[in-house]
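The structure appears right after this line, and notes come after that.
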Amino acid sequence: MDSETVEQVLPSSPEKPHIKPYRKHCLPLGFLAFIGSYLVQFPVAFVIALVSVLALGSTDALGLDWLTLLVEFFLVVYTVIVLFLLGGSKPFKCRVAEFLNGLKGSLYFVILALLLVVYTLVGNLASDVAPTADWPIVLIKVFFLCIMVGIYEEGIFRGVLLGCLLPRMGKNKAGVFGAVFIASAIFGIAHVSFSEALSPMVLSQLVLKFLQSGMLGIFFCGLAVSTGNIWPGVFAHAFWDFALMGSSGVFEDPFEISYVDTSSTGWALVAFYVVMIVIQIPTVITAIMRIAKSAPTCGWLASEQMPEAGVHETYGAVSTGGVSQVDVVQNGSSQTTQFDSQVVPQSVPNTSDLVSTQEAEPGSAAWYARRSPDAPPPPKGWQG
């Protein structure tokens, strides 16, 4: 019987990774872990307060600052364990080039944080507000708090939440942006302090704080997606928090955080949020550009196959009547996979859009689902 062989050779340096199937329960487990990070705070705080009462006689003896530091420490431990259980060691790996690339993309963000420090210091000193007597000790506490907050929030919002969305949604650019906007919206909601007094001023503060924090979330997602890990975001996040909390902590208690002001100065907070939104626009634009260049991606909680540079694969489809076979040749070694020719399209698609002939039956729904949107569509009359 006549045979027809069609061969296509992949480029030696493919621009996009071959996305393997996402882990079956990654999405529900990720959301459960995210919700658990909030639920675990209450028993942890209760245990710490109980120990404080038994050891020191009262909860006031421990202080809000140490209570916050201890709770944040346990949240960091929780986040590290969850990330390891979901993705193994992959979420923690960071090459120097990736980290430097993330720092390069954070340059405007760092400059912006430094300008806010100067604004806070100059504004307080010009108003004759004296620094507190223990401000060096406060700065040390704030420093360690910001590092832990950076690890926890980047680990739980980007590492877990965004990480469990990308394997399901990251097969194309639209899906990657959808995952980023979902994770960023949840990040924005998490930074809103709800108040019983819902006046127009308070509502304005809530909406603006949501937008401002959501924009920060997009920026941090851009760092995570473009570098493939959370560590550049941890650095940028910790630096941003330390710039804001540290500069204010020199003059007042930085541990009593509230994003709502119901006093007569509430409209000043509204104006502050508006200014912050405007000056953060360049960071969002930069993040969107970085995400667009990195998509599609399945993230760090799912398997991802990136062929090494210089590796060529040849796919040959041979018709043999009732059964067809695909020969995969890589660096001189070959392997053969057989499949029913009745479900194979008449033409062999661009194999650079496939994962592997052994991981999905050609012509199946999974086979077509894991191809890029630029690949040829399924044949007419195809049923997955």
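The values are calculated or read from the model by the stated rules, or taken from the named source; none is laboratory data. Worth saying up front: this structure is predicted, and the values here are computed from it rather than measured. So basically every Cβ, Gly included, is an ideal-geometry build from the backbone, and we count neighbours across all protein chains shown. These area figures cover heavy atoms from the full protein model, side chains too; ligands, DNA and RNA do not enter into them. Shrake-Rupley method; radii C 1.70, N 1.55, O 1.52, S 1.80 Å.
Report the accessible area of Ile281, computed with a 1.4 Å probe over the heavy atoms of all protein chains in place, in Å² rounded to the nearest 10.
80
Label points 7 Å out from Cα along the Cβ direction at Leu107 and Phe272: separation in nm?
Here the answer is 3.0 nm between the modelled labels.
Using heavy-atom solvent-accessible surface (probe 1.4 Å) with all chains present, what is the largest-first order of Leu161, Leu50?
Leu50, Leu161
Tell me which residues come under 5 Å, amide H to amide H, from Thr132 once H is placed; ignore anything under 5 positions away on its chain.
Phe251
Please give, to one decimal in nm, the separation of the simple spin-label points placed at Ala190 and Phe92, each 7 Å out from Cα toward the Cβ.
2.0
When the Karplus curve 6.51 cos²θ - 1.76 cosθ + 1.60 is applied with θ = phi - 60°, which whole-Hz ³J(HN,Hα) does each residue of segment 169-175 get, with x for Gly and Pro?
Using θ = phi - 60°, the values come out as 10, x, 6, 8, 4, 4, x Hz.
Tell me, what is the 1.4 Å probe accessible area of Thr297, in Å² to the nearest 10?
20
Which pairs, out of Lys90/Lys293; Lys93/Lys209; Lys90/Lys171; Lys104/Lys141, put more than 23 Å between their alpha-carbon atoms?
Flagged as over cut-off: Lys93/Lys209; Lys104/Lys141.
If you rank Met148, Met169 by how much accessible surface each has, with a 1.4 Å probe, what is the order from largest down?
Met169, Met148
From the protein chains alone at 1.4 Å, what is the descending order of accessible area for Glu153, Glu256, largest first?
Listed by decreasing accessible area, they come as Glu256, Glu153.
Between His25 and Lys293, what length comes free when the chain is fully extended (0.36 nm per residue of separation minus the Cα-Cα distance, one decimal in nm)?
So the extension gain works out to 93.7 nm.
Taking 0.36 nm per intervening residue step and subtracting the Cα-Cα distance, what contour gain separates Ser263 from Asp134 on full extension?
43.7 nm
Taking the full set of protein chains and a 1.4 angstrom probe, give the accessible area of Leu64 in square angstrom, rounded to the nearest 10.
Around 80 Å² of this residue is reachable by solvent.
If you take every residue apart from Leu223 with its C-beta less than 11 Å away from the C-beta of Leu223, what net charge results, scoring Lys and Arg +1 and Asp and Glu -1?
+1
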